[in-house]
1. Find out how many positive minus negative residues lie around Leu56, taking Lys and Arg as positive, Asp and Glu as negative, among other residues whose Cβ is under 11 Å from that of Leu56.
2. Among Arg98, Arg73, Arg31, what's the order by accessible area (1.4 angstrom probe), most exposed first?
3. Taking R0 as 30 Å, what's the FRET efficiency between Ala77 and Asp42 from their Cβ-Cβ distance, rounded to 0.05?
4. How much accessible area does Lys104 have with a 1.4 Å probe, in Å² rounded to the nearest 10?
5. Given labels modelled 7 Å from the Cα in the Cβ direction, how far is it in nm from Asn27 to Ser100?
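The values are calculated or read from the model by the stated rules, or taken from the named source; none is laboratory data. Values in this document were obtained by computation on a predicted structure and should not be read as measured data. For neighbour counting, all protein chains shown are included, and Cβ atoms are generated from backbone atoms with ideal geometry for every residue, glycine included. The protein model used for the area step is the full one, side chains on, heavy atoms only, and it has no ligands, DNA or RNA in it. Shrake-Rupley method; radii C 1.70, N 1.55, O 1.52, S 1.80 Å.
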Amino acid sequence: MEPTANTTDAPYTPAATKPVTETDAPNELARLRDLLIHTHPDAVAGMIAGHSVTELIESVAAAKAEYARIAARLHAAAPVRAGGGSRSSTLPAPDLARLSPIAKITLGIHDRTSQ
């Protein structure tokens, strides 16, 4: 089977893709960051950042290490009650709007590890 000749001067690009322009780059990086956050729930989302694909991907390791460090600190500090329940089972729910970002991360990790 003979290939058909390209009758235009434009280079071939698949119909489903378009070239990434400079104005598209921030949107593509934001989409990649969202994907990395979604696929790495064991990482501190705020630490996944960068101005390039490489920087974003490399930031995941540090974000995961920080998450593990916070989780280990919480696990070591959480008292175990005689009934086996965690301390959070007896406390009222905190007002999330008043918590700092670190306090929210700490609370979220504690809730995940105590289930």
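1. On the way: positive: Arg31, Arg33; negative: Glu28, Asp34, Glu55, Glu58.
Surrounding charge for Leu56 is -2.
2. On the way: Arg98 200, Arg73 125, Arg31 155 Å².
Per-residue accessible area, sorted high to low, gives Arg98, Arg31, Arg73.
3. Numbers: r = 19 Å, r/R0 = 0.64.
With R0 = 30 Å, the Cβ-Cβ based efficiency is 0.95.
4. 90
5. 3.8
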